[in-house]
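Every number in this text was worked out from the coordinates using simple rules, so none of it is lab data. What you are looking at is a predicted structure, and each value in this text was computed from that prediction instead of being measured. Don't worry about glycine lacking a Cβ; one is built from the backbone with ideal geometry, like all the others, and counts go over all protein chains shown.
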Amino acid sequence: MTQEARYSVGIDLGTTHCVLSYVDLQAGDDQPELLVFAVPQLTAPGVIEDKPQLPSFMYLPHAAEIAEGSTALPWSGKAEHLVGEIARNLGSKTPIRLVASAKSWLCHAGVDCKQPILPAEAPDDVSRVSPFLAGKAYLQHLRDAWNHQFPQHRLQDQDLTITVPASFDPAARELTVEAARAIGLGQAVLLEEPQAALYSWIENSEGDWRNHVAVGDVILVVDVGGGTTDLSLIAVTEDQGNLQLTRVAVGDHILLGGDNMDLALAYTVKAKLEQDGGKRLESWQLQALTHACREAKEKLFNQPELENIPLVVASRGSSLIGGTLRSELTRDELKRVLVEGFLPVVGVGDKPQSKPRSGLRSAGLPYAQDAAITRHLAAFLSRQMGATDELKDINLPEHARFLHPTGVLLNGGVLKAGVLAERLMQVLNGWLQTEQAPAARLLQGADLDLAVARGAAYYGHVRKGKGVRIKGGTAAAYYVGVESATPAVPGLAPEVEALCIAPFGMEEGSEQELPNDEFGLVIGEPVRFRFFGSKTRRDDAVGTRLEAWSDDELEELDEIEITLPEEGHNAGEVVPVFLSAAVSEVGTLELRAVSRRDQQRWKIEFDVRAGEGN
Amino acid sequence: MNTYTIDLSLRPTTFDLWHVCLAGTVAALTLALLAVLVSVLLAGRRCKNKASAQPQQPEIKIVEKIVEVEKIVQAPAPEPVILKESTPDAALQLLSLLQKEARFIDFIKEDMSAYGDADIGAAARIVHQGCAKAINEHFTLSAVSNDQEGSRVTLNQGFDAAAFRLTGNIVGQAPFTGTLVHKGWQVTDLRLPKLTEGHNAKIIAAAEVEL
């Protein structure tokens, strides 16, 4: 860093939108003023507007599509990539050239995120890009926009926090940091989105948050964004008289969000139209209908006195009157599709429904098969029943079948709808009631749209030692698969044992080694390990070997790979190594192989996702 | 009918005082005309010199920002009056926004007589929703007067005559008290998109060709 950072900058690198928020670090200590950066972006060819959100979309135009000079930005005569509003607008009419949800691909097992694979449905004519490049392009746009506005305080010299879903695995986190590093933002640190939301709530309460939570509280953060649902549990404990916050559990990566809701509404209206008129809707009409449904949904949610909203889809030609498609969205439909469809009243013992996937998985994103957010929540709370066992301030009743949250913090635009938030609380409190536990209360005063970016900017402030910091560490324990030392049985694959290399809750900046487990690596030959993560096994220490586990406990992640370079060695030579795991200050997990002979270290790569499935 | 013939070859046969006056007038007029001609020529040359001394240097900018250009127009009155000339780009931009969000031009250009009220009503929803979106996104509007329409308001001495228009029985001196008929609208903030150099603002909606 060439100069003292003037600002703490937070970037919410969302699935559907990116937001940049910042706080002036020199503006005084007590209540920092958080600002949201208006991002200049193309909205149509030749038109530039400042908007608080940068849509996370990238458009790959045809050479003949865009007039010369019409993609200029304030800082560049020709935009390198079309990102933001223009990409979304152009892509809505030409989806084969639109890159969307790139972030979700980062956490998609079995895909090499540095291979040009997006848009997945593009014809061969379109030159594709990698999910990694798309993420980098959004960051690059934000960096250039910032540097254009603050030439004296360039982004590479500021404190920078980038948020990632709590459910991101080590490889996805690593890719995010790598994208930042690739454009000169090597100082960026990672923060989990639900934690960012809680930081934002703390900041927003202006010091009053201590009166709203107490020792023994367990705060459930439910973050339903445009494309994903992210769950986290944060415990409130006491340490030398001070309140302490510890993130004790995170949920799975659930690809389910507001976009699914709009689509569900559009399909409902489409079915109605096709039934009434008997005419088939074209894809552009469905798209326009989805858009109209989103607006109608917001209106119905905000104005409880309305019973229905007429929907009109105009024809594409210049004749507006006449060729329009008419229908309506009623409150009953809204309730049936969204409240009952996405937040049904279920028992806490219910599990999300899943059926075996058919066909090639890597052809698309693994969208959640069960749209019921409440069922995902039930499964999460049941699985995480032991999350607070080690905290003496938190006491779960003997008969409890799930972890009892005492407070709920909502985040994400979807939950701005009072009806949905109420239903979520009603279901949760229903579960608590059956176990005679007090109802959980809703933490008020959160800004659901911008909280993550704001919390991220505030985090820079917190890292300077001002304000309370949420403790967390790794949200899972990690294991490598090793063949067990049993006699080989012909016809059976050798048994695999899971060797713990990083325990649950490993703190940033710490490192653990496994000197007792030795591996012989062959120079020049890539060696792969099977890699597992567990969000529930909290007690496994480094070196623990598991012989058997249930599918629910350990989740297989992508394989990790190491190739020992030839420098200083002869090809084919076998080097005895042991493994070491560290959590960097940035917040990424780093695995290394350490030579027994000379303590030389080699990095083990995560992002080798080009699995055999491709 | 009488016919008058003018014989131009005729010369005065007598030379009296009347003729002296006439000759004098002709001479004076000729002199005046010459003086005017000379002054016009001189003025013209001076103007040309001025124009060539200040060649127009177009400023090269990547992004053109819409600013209202104030142009001084020479008016015959002794006091120069400054008139603002609105830039066409901003007007075209607004049309483009309204067309994009609300299909405004499509609506205006359509022949209403061919359709029933139900069809027009459906289209009006699109136009209304879209216009509201375009206007709310790019302008911040507020009422000029915060009083209830229909209530009595008093305008004190020195009130802003541009913001409040008096109508009806305007007599006497301020303060004026009357009924607020319309609360008025004002734009308190405006966020028009910027345009790239070379962007043809006259194309307010591109023709669309689907392949």
Q | Estimated [θ] at 222 nm from DSSP helical runs (n ≥ 4, -39500 (n - 2.57)) normalised by residues in chain A, nearest 500 | A | -7500 deg cm²/dmol
Q | For chain A: rounded, prolate or oblate by the Cα gyration tensor [a/c cutoff 1.5] | A | rounded
Q: Let me have the relative contact order for segment B:97-180, percent, based on Cα pairs under 8 Å that are six or more residues apart.
A: 28 percent
Q.
Could you work out the pair-distance distribution P(r) of segment B:146-189 from its alpha-carbon pairs, with 5 angstrom bin width and percents rounded to whole numbers?
A. 5, 19, 33, 26, 12, 4, 1, 0
**Q.** Debye intensity ratio I(q)/I(0), log10, segment A:258-342, q values 0.25, 0.26, 0.27 Å⁻¹ (C-alpha model)
**A.** -1.29, -1.37, -1.44
Q) How high is the FRET efficiency from B:L37 to B:Q157, r the C-beta distance, R0 60 Å, rounded to 0.05? A) 0.60
Q.
Stokes-Einstein diffusion coefficient for segment A:1-83 at 37 °C in a medium of 0.692 mPa s, Rh from the Kirkwood formula over Cα pairs: what value in µm²/s?
A. 219 µm²/s
Q: Pull out a ≥ b ≥ c, the square roots of the eigenvalues of the alpha-carbon gyration tensor of segment A:477-604, then state rounded if a/c is under 1.5, prolate if not and a/b is larger than b/c, and oblate in the remaining case.
A: oblate
Q) Hey, what's the Kirkwood Rh for segment A:7-191 if you take every pair of different alpha carbons, in angstrom? A) 16.9 Å
Q.
If you average the alpha carbon positions of segment A:124-184 and of segment A:230-253, how far apart do those two centres end up, in angstrom?
A. 28 Å
Q | Estimated dipole of segment A:258-342 in Debye, rounded to 20 [Cβ of Lys and Arg +1, of Asp and Glu -1, Cα centre] | A | 240 debye
Q: Apply 1/(1 + (r/R0)^6) to the Cβ-Cβ distance of A:S76 and B:V187, taking R0 = 25 Å, and write down the FRET efficiency to the nearest 0.05.
A: 0.20
Q: Note down the nm distance, to one decimal, between modelled labels 7 Å out along Cα→Cβ at A:D239 and at A:E274.
A: 5.7 nm
Q | Average other protein chain Cβ within 10 Å of Cβ, residues A:306-315 | A | 3
(Q) Give me the percent relative contact order of chain A, please, defined on Cα pairs under 8 angstrom at least 6 residues apart. (A) 14 percent
Q: Output the direction-averaged projected area (hull surface divided by four) of the convex hull of the alpha-carbon atoms of segment A:380-515, in nm².
A: 14.2 nm²
Q) Averaged over peptide B:106-115, how many Cβ atoms belonging to another chain are found within 10 Å of each residue's Cβ? A) 3
Q. Using a cut-off of 18 Å between alpha-carbon atoms, which lysines can reach B:K202, once sequence neighbours fewer than 8 places away in the same chain are excluded?
A. B:K65, B:K100, B:K109, B:K194
Q) How long is the gain from A:E566 to A:T434 if the chain were fully straight, where each residue apart is worth 0.36 nm and the alpha carbon distance is subtracted? A) 41.2 nm
Q | Sites matching GluC sites (Glu not before Pro) across segment A:179-281 that sit in DSSP coil, with at most 16 neighbouring C-beta atoms within 10 Å | A | A:E206
Q | Estimated FRET transfer efficiency when R0 is 22 angstrom, pair A:R316-A:A64 (beta carbons, to 0.05) | A | 0.55
Q | Pairwise centroid distance, computed over Cα atoms, of segment A:36-84 with segment A:404-428, Å | A | 36 Å
(Q) Suppose a student asked you for the relative contact order of segment A:16-174, using Cα pairs under 8 Å spaced at least 6 residues apart; what percent would you report? (A) 18 percent
Q | Dipole-positive endmost among A:L320, A:V452, A:G524 within chain A (Cβ charges, Cα centre) | A | A:L320
Q.
Distance cut-off 19 Å, Cα to Cα: go down the list A:K93/A:K272; A:K279/A:K335; A:K272/A:K297; A:K270/A:K297; A:K114/A:K136; A:K351/A:K392 and report the pairs above it.
A. A:K93/A:K272; A:K279/A:K335; A:K351/A:K392
Q.
Please give the Cα centre distance for segment B:152-194 versus segment A:517-556, rounded to the nearest Å.
A. 77 Å
Q: Please give the length that would be gained between A:Q149 and A:S127 if that part of the chain were fully extended, namely 0.36 nm times their separation in residues minus their C-alpha to C-alpha distance (nm, one decimal).
A: 4.7 nm
Q: Sketch the reach of a paramagnetic label on B:A207 as a point 7 Å from Cα along Cα-to-Cβ, and name the residues of segment A:61-93 whose backbone nitrogen lies under 11 Å away.
A: none
**Q.** Student exercise, the protein assembly as shown dipole from Lys, Arg, Asp, Glu Cβ charges, in Debye to nearest 20
**A.** 2900 debye
